[in-house]
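Let me begin by presenting the structure, written as structure tokens, before commenting on it.
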Amino acid sequence: ERDGVAVLRARNAPAVAATVAETAPWLDRARPGTDEFRGHHTRRAGALIARSPSYCTLVLDPVVLAAAEGVLAARCARIQMTYTQAIRLGPGETAQPLHRDDEVYPLPPPAGGEWAFICMWAGTDFTAENGATLVVPGSHRWDRRRVAEKHEVVAAEMPAGSVLVHLGSVLHAGGTNSTNAARIGFSVNYALGW
């Protein structure tokens, strides 16, 4: 409630490692992004339920699913999964612009609640140097016009197998990868069922 974001460390390392292997061929075939938001050294693959049996374990992780339901279920009959993606942030990638994932809905934020609950599973260690997801704790409580200052942005560092969870209204972005290795993550978004 205070930060709108948390890291659950070493939550499901075996399933995450298997998902890295199962999605590698899809990421190898994916084309790099072509703009500042998608990156120029970042490859993405979606439809992970169909492409990675191990990813299903992550989507149904009981602790994460309970957290998603705790945030969303009071305003709907059931929550739904709305988005899956493998993201390979390559060496030399620059930081993505800060954004909120709930901005995809063309409506004002629901009164007293959230549209979305976001998860980023770490397929590799996430460090400040390799492009760990950047988050702005507390930004879910801000006026939407407020711009984050540099000192308010935090790299969500975590070991492989961990998961970053945050509210859809939290400002976040992919970080800069200044290393020689790719940073791999797996996103799953949950939203109100309607």
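Summary table below
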| read-out | value |
| --- | --- |
| Cα extents of the range 1-83 along the three principal axes, largest first (Å) | 40, 31, 26 |
| Highest average packing first - 62-74, 178-190, Cβ atoms within 10 Å | 178-190, 62-74 |
| Reference-scaled alpha-carbon Rg (2.2 N^0.38 Å with N residues) for the range 74-143 | 1.34 |
| Segments 159-171, 27-39 sorted - mean Cβ within 10 Å per residue, highest first | 159-171, 27-39 |
| Relative packing of peptides 146-154, 17-25 - highest average C-beta neighbours within 10 Å first | 17-25, 146-154 |
| Alpha-carbon Debye profile of the range 25-128, log10 I(q)/I(0) at 0.15 Å⁻¹ | -0.80 |
| Accessible surface ranking that places the most exposed of D125, D61 first, with a 1.4 angstrom probe | D125, D61 |
| Heavy atoms of C56 accessible to a 1.4 Å probe, total area in Å² rounded to 10 | 40 |
| Value in Å of the Kirkwood radius, where the chain supplies the Cα pairs that are averaged | 16.7 |
| Potential lengthening between Q85 and E22 on full extension [0.36 nm per residue; Cα-Cα distance subtracted] | 21.4 nm |
| Rounded accessible area per residue of the chain, 1.4 Å, Å² | 49 |
| E36 paired with D143, simple spin-label distance in nm, labels 7 Å along Cα-to-beta-carbon | 2.3 |
| Over the range 20-59, equivalent-ellipsoid semi-axes from the Cα gyration tensor in Å | 22, 11, 7 |
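The values are calculated or read from the model by the stated rules, or taken from the named source; none is laboratory data. Quick caveat: nothing in here was measured; it's all calculated off a predicted structure. Reconstructed Cβ throughout: ideal geometry from the backbone, glycine too, with neighbour counts over all protein chains shown. Only protein heavy atoms, including side chains, enter the accessible area calculation; ligands, DNA and RNA are left aside. Shrake-Rupley method; radii C 1.70, N 1.55, O 1.52, S 1.80 Å.
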